[in-house]
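Novice: First, the structure itself, so that you have it in front of you.
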Amino acid sequence: EGMMDYLSFLTLRMRNCPIIPNLDGQDYIILNSIANVSKAIDVLHRYERIHCLFDNDEAGQTANKRIAGKLNEMNIQNKILIPTHKDWNEDILNGERTDEICRQVL
């Protein structure tokens, strides 16, 4: 959702997939606010597969539902990954699910 979430994602990828993090073959959209979800939806139609990594809170759940509904309408494969704690940084700090994101987003 924000820059810190993106940095947490990169930390998890580099920690768990140091040999093949596969970062160059992917594009990333950092919203900085869920208020920008509609702007992201306008761009997402160009992609075949999308992974959403929003916070584990009401706002993140709302954003996930909006995007998932729109992507399903466009027949785009999408996966929603939800952190155990409030956000991905808290998951890193608590040592939880640090390998799942690598397996799911490759």
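Quick note: the coordinates plus some simple rules give every number you see, no bench work behind them. Small disclaimer: the values here were computed from a predicted structure and weren't measured.
Novice: When the chain is fully extended, how far beyond the present Cα-Cα distance does Ile82 get from Ser38, taking 0.36 nm per residue of separation?
Specialist: Residue separation times 0.36 nm, minus the Cα-Cα distance, leaves 13.8 nm.
Novice: Quick one: which residues, 5 or more positions from Lys79 or on another chain, have an amide H under 5 Å from its amide H? H modelled 1.01 Å from N in the peptide plane, none for Pro or chain starts.
Specialist: Here Ile50, His51, Cys52 satisfy the definition.
Novice: Sticking with this structure for a sec: Give the lysines whose C-alpha is closer than 17 Å to that of Lys70, dropping any in the same chain fewer than 8 places away, or say none.
Specialist: Of all the lysines, those that pass the test against Lys70 - Cα under 17 Å, at least 8 places apart if same chain - are Lys39, Lys79.
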